[in-house]
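Have a look at the structure below, then the notes.
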Amino acid sequence: MKDYIIEESSKDEFNLVTKGITEYNLSRVPFTQDPPIININRVVKDLNGDILAGINSRLYCWNCLCIDLFWVKEGSRKGGYGSALLNEVERIAKEKGCKLIHLDTFDFQAKDFYIKKGYEVFGILDDCPIGHKRYYMKKNI
């Protein structure tokens with residue numbers, strides 16, 4: 001007989017799971033930064049205030065930077081906005097003691113851009129989505 005149920009988490013339950021894994025991680029490897037999560041998010045705007053590009057990243061626990069989302073508006077690509085944003089986020093992360101940056105990108109996104117910026121592929125997930133590749137990349141700074 002089954003003695004458990006599985007259901008969608010509430011916000012409080014989500015936070016409990018997050019707290020649980022954070023406490024476990026901390027018991028195994030001490031955090032090297034305080035606070036444990038520092039968001040480093042930036043946008044590029046034109047002179048009218050319209051957003052042309054943006055990057056969302058977080059410096060977490062051990063001074064590692066994870067680039068979560070990075071976007072340049074169609075029509076604004078090849079204008080140097082992506083390079084400017086990436087350079088800015090890397091600069092801030094380095095100032096805060098970061099030594100490692102990681103991210104993932106798809107074959108239809110920006111792998112070659114990241115390679116030009118010094119990132120290297122350390123893993124590939126095939127058929128994610130079907131017929132495509134997801135690249136896991138890193139850069140030591």
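Read-outs: derived from the displayed coordinates by stated rules, not from any lab. Note that this is a predicted model, so its numbers are computed, not measured. Neighbour counts run over all protein chains shown; Cβ positions are idealised from the backbone, glycine included.
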- Added length on full extension, which subtracts the Cα-Cα distance from 0.36 nm per residue, T22 to R91: 22.2 nm
- Query: Convex hull over the alpha-carbon atoms of segment 31-140: what's its volume per residue in Å³?
  - Reply: 112
- Query: Ranked highest first by average number of other Cβ atoms within 10 Å, how do 25-36, 129-140, 94-105 line up?
  - Reply: 94-105, 129-140, 25-36
- Under a point spin-label approximation (7 Å from Cα along Cα-to-Cβ), what is the K116-F31 distance to one decimal in nm? 3.7
- Item | Cβ charges +1 (Lys, Arg) and -1 (Asp, Glu), total dipole of segment 87-135, debye | 260
- Query: What is the local net charge at I141, summed over the other residues whose Cβ is closer than 14 Å to its Cβ (Lys, Arg +1; Asp, Glu -1)?
  - Reply: +3
- Item | Spatially proximal lysines relative to K139 (Cα-Cα < 25 Å; intrachain offsets below 8 disregarded) | K73, K78, K94, K96, K99, K111, K116, K117
- Message: Among 7-19, 81-93, how do they line up by average Cβ neighbours within 10 Å per residue, starting with the highest?
- Response: 81-93, 7-19
- Item | Local electrostatic count at L59 - Lys and Arg +1, Asp and Glu -1, tallied over other residues with Cβ under 12 Å | 0
- Which one of F31, Y81, G131 has its Cα pushed farthest toward the positive end of the charge dipole of the chain, where Lys and Arg give +1 and Asp and Glu give -1 at the Cβ? Y81
